[in-house]
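All remarks here apply to the structure that follows.
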Amino acid sequence: MTKIKSLADLRKIKEDLQEKIRLRENADQPEKLVQIKVGMATSGIASGAKEVMNFLIEELEKRNVEAVVTQTGDMGYCFAEPTIEVILPGQEPVVFGNVNVKKADEIIEKYIKNGELVDGIIPRNYETIDNK
Amino acid sequence: MKELSLHILDIVNNSITAGASLIQVTIREEEESDSYFLLVTDNGKGIPMDMLDKVVDPFVTSRSTRKVGLGLPLLKQNAERTGGFLHIESVVGEGTTVTCRFELKNFDRPAIGDISGVISMLTCSFTDIDFIYSHSTKHGNYVFNSREVKSALDGVPVTDPSIRKFLIEMIDENLTEIKINR
């Protein structure tokens with residue numbers, strides 16, 4: 001029987017990582033990284049935000065994009081869930097709506113890598129329908 | 001929502017909004033009484049008495065961005081559908097406990113889904129909050145404590161993708177060991 005993983009194993013991989021992290025220059029300066037927030041309220045979760053978040057974390061690592069992916073509450077765009085906010089280093093945040101895995105892929109390839117805008121941006125001055 | 005783990009993610013987000021610094025998710029599978037209990041306990045700001053009866057009403061929410069709050073009502077509906085219940089206890093200034101019972105062998109009990117993914121996602125996203133997840137079956141008990149994880153990491157950020165991957169595997173293997181109902 002194979003041994004199940006425990007905290008002792010975690011301590012072991014920690015040692016390797018410490019080395020790796022020391023080599024990474026941006027580790028302590030999150031403002032130099034791509035920051036992504038995934039809207040994770042009831043509406044986001046129900047429409048698949050978790051899959052999108054997993055996809056973003058895994059794919060950004062595979063494609064060597066240094067990024068911080070976190071979750072956030074509701075952004076007030078329930079009609080367009082899942083929504084994600086992307087902040088490229090030194091730029092204004094951009095919110096994308098109706099982000100499925102396919103859209104997320106397009107956002108990584110076009111917007112995050114090349115700064116090219118893609119369809120599905122929710123304008124900043126847009127307020128919820130309630131406030132209209 | 002089809003999976004219990006997604007409900008957990010949702011309810012835990014309520015606790016985070018309530019300013020909790022410690023959130024405990026407990027699942028107990030009790031075969032003798034055909035029960036599957038889910039408890040989410042936090043030390044957040046609590047829910048005032050007059051609000052407590054209303055939080056399971058879909059048209060009540062404390063937020064201002066919109067007028068509906070479906071998290072708790074959806075979970076309540078899912079629990080009641082299997083002959084169980086949802087119960088909330090709260091003390092203002094001390095915290096809130098959401099208790100849910102499902103019938104263990106009921107066909108309509110939602111599958112747990114990707115619980116290891118949810119717990120590690122929370123641990124890696126909210127690094128200032130401590131999460132304790134415990135799951136017990138007749139085969140044993142597993143406790144995941146994000147505080148222990150962080151102290152084992154000794155300064156290495158828990159947000160590193162390889163740590164996340166490790167946590168998912170660690171939780172998953174331990175849950176398989178105690179033969180949880182998936």
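Label positions at B:Glu89 and B:Ser33, each projected 7 Å from the Cα along the C-beta direction, are separated by 1.3 nm.
Answer rounded, prolate or oblate for the protein assembly as shown, using the Cα gyration tensor with square roots of eigenvalues a ≥ b ≥ c: rounded when a/c is under 1.5, else prolate when a/b is larger than b/c, else oblate. Could you put the intermediate results ahead of the total?
Working: a/c = 1.81, a/b = 1.15, b/c = 1.58.
Here the protein assembly as shown falls in the oblate category.
Of all lysines in the structure, those lying under 20 Å Cα to Cα from B:Lys45, and not within fewer than 8 positions of it along the same chain, are B:Lys54. Estimated translational diffusion coefficient (Stokes-Einstein, Kirkwood radius over Cα pairs, 4 °C, 1.567 mPa s) of the stretch A:28-131: 95 µm² per second. For the pair B:Ser151 and A:Ile21, label points projected 7 Å from Cα toward Cβ lie 1.8 nm apart.
Only helical runs count toward this figure. For the protein assembly as shown, summing -39,500 (n - 2.57) over DSSP H runs of n ≥ 4 and dividing by all residues gives -10000 deg cm²/dmol at 222 nm. For the pair B:Leu22 and B:Glu169, label points projected 7 Å from Cα toward Cβ lie 3.1 nm apart. Under a Gaussian network description of chain B, with springs only between Cα atoms under 10 Å, the residue in B:Val92, B:Val158, B:Val118 that fluctuates furthest is B:Val92.
Over the stretch B:4-177, what per residue volume does the convex hull of the Cα atoms give, in whole Å³?
Values: hull volume 21.1 nm³, N = 174.
So the per-residue hull volume is 121 Å³.
In the protein assembly as shown, if the dipole is taken from +1 on Lys/Arg beta carbons and -1 on Asp/Glu beta carbons about the Cα centre, which of B:Thr82, B:Val143, A:Val38 is farthest to the positive end? Highest projection toward the positive end goes to A:Val38. When each of B:His135, B:His87 is scored by the number of other beta-carbon atoms lying within 10 Å, the sequence from fewest to most is B:His87, B:His135.
Placing +1 at every Lys and Arg Cβ and -1 at every Asp and Glu Cβ, with all other atoms neutral, what dipole size does the stretch A:28-131 have around its Cα centre, in debye to the nearest 20? Before the final figure, lay out each step's value.
Numbers: 10 positive and 18 negative charges, 28 e Å.
With Lys and Arg at +1 and Asp and Glu at -1, about 140 debye.
Hey, fewest Cβ within 10 Å first, where do B:Asp160, B:Asp57 land in order?
Details: B:Asp160 20, B:Asp57 12.
So the residues, fewest neighbours to most, are B:Asp57, B:Asp160.
The stretch between B:Met51 and B:Asn141, if pulled fully straight at 0.36 nm per residue, gains 28.9 nm over its current Cα-Cα span. Between A:Asn98 and A:Glu59, what is the FRET efficiency for a Förster distance of 25 Å, r being their Cβ-Cβ separation, to the nearest 0.05? About 0.85, to the nearest 0.05.
Using Cβ contacts closer than 10 Å as the measure, can you line up A:Ser6, B:Ser5 from fewest to most?
Numbers: A:Ser6 12, B:Ser5 23.
Fewest-to-most Cβ neighbours within 10 Å comes out as A:Ser6, B:Ser5.
Each reported figure results from applying straightforward, stated rules to the coordinates on display, with no laboratory input. The model shown is predicted, which means the values in this text are computed figures rather than measured ones. Reconstructed Cβ throughout: ideal geometry from the backbone, glycine too, with neighbour counts over all protein chains shown.
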